[in-house]
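Each reported figure results from applying straightforward, stated rules to the coordinates on display, with no laboratory input. Everything numeric in this text was worked out from a predicted model, so none of it was measured. Cβ atoms come from the backbone with ideal geometry, glycine included; neighbour counts cover every protein chain shown.
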Amino acid sequence: MTIDMIIKTKIESKKTMKLIFTFLLFGAIYLSSAYNIVHDIRVPSLSLVGITDQDTIKKISKSEAVWKQELNAEEYNVLRQKGTERPFTGDLWDHHDKGTYTCRGCQLPLFSSDTKFDSGTGWPSFYQPIYKENLADHRDDGHGMSRTEVVCARCGGHLGHVFADGPKPTGLRYCMNSAALDFVKKNKIK
């Protein structure tokens, strides 16, 4: 075997492993959702979780043409069309700086870096929002599974989903898309 053949084999092996991992991950999510449907398990409403010391959120409304001007194609797909970025591809899934994660659509503060954890899913994951009022949830029965969709309470942008398999103290995993979030370093927060 030549060096070129060995390198090509290793690259193909890595691609195959990523594909298998992605398949297994989505299979596990699907089976978890199916189990929840059969056993009628629901994630608790976000109204029961989080800190409650902020005024009611004032909603913003923009035309789709304005959103398309303000967001790049991936951000628009995720925030406005409820898309999902591929796992391990976003810029924030393996991000460890201290600060605040905000909605990319309207900059509303959503999550503290103190509540971020490595869920192994390839998406930024948090166990609690900064303020429960900054998020809204909706039942999502798409793609053959039942999940709880999480959206920004101000602009209505799709952020991701919340699952009841997170760490203590809440037991929740807010699985968010990097394309739906911005990050503000702690020393830059006013």
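Let me know the charge dipole size of region 90-151 about its Cα centre in debye, to the nearest 20, where only the beta-carbon of Lys, Arg (+1) and Asp, Glu (-1) is charged. Kindly include the intermediate steps, with their values, before the conclusion.
On the way: 6 positive and 10 negative charges, 22 e Å.
Approximately 100 debye in magnitude.
Step through the table entries LYS82/LYS185; LYS68/LYS168; LYS59/LYS116, compare each Cα-Cα distance with 29 Å, and write down the pairs that go over it. Please list the in-between numbers first.
Working: LYS82/LYS185 27 Å; LYS68/LYS168 38 Å; LYS59/LYS116 26 Å.
Over 29 Å Cα-Cα: LYS68/LYS168.
Amide H neighbours of LEU110 under 5 Å, at least 5 residues apart or on other chains, H built in the peptide plane: list them.
Answer set, sorted by chain and number: TYR101, THR102, CYS103.
At 0.36 nm per residue, minus the direct Cα-Cα distance, what do LYS168 and ARG139 gain on full extension? Give it in nm, one decimal, please. Intermediate values should be presented prior to the final figure.
Details: separation 29, 0.36 × 29 = 10.44 nm, distance 2.34 nm.
Separation in residues times 0.36 nm, less the Cα-Cα distance, equals 8.1 nm.
If each residue's Cβ is checked for other Cβ atoms within 10 Å, how do GLU75, GLU64 rank with the fewest at the top?
On the way: GLU75 23, GLU64 10.
Ranking GLU75, GLU64 by Cβ neighbours within 10 Å, fewest first, gives GLU64, GLU75.
At what distance in nm do the modelled label points of PHE117 and HIS96 sit from each other, each positioned 7 Å from its Cα along Cα→Cβ?
About 1.7 nm, to one decimal.
Report the full-extension gain for the segment GLN81 to THR56: residue separation times 0.36 nm, less the Cα-Cα distance, to one decimal in nm. Let's see the in-between values first.
Details: separation 25, 0.36 × 25 = 9.00 nm, distance 2.53 nm.
Using 0.36 nm per residue and subtracting the Cα-Cα distance, I get 6.5 nm.
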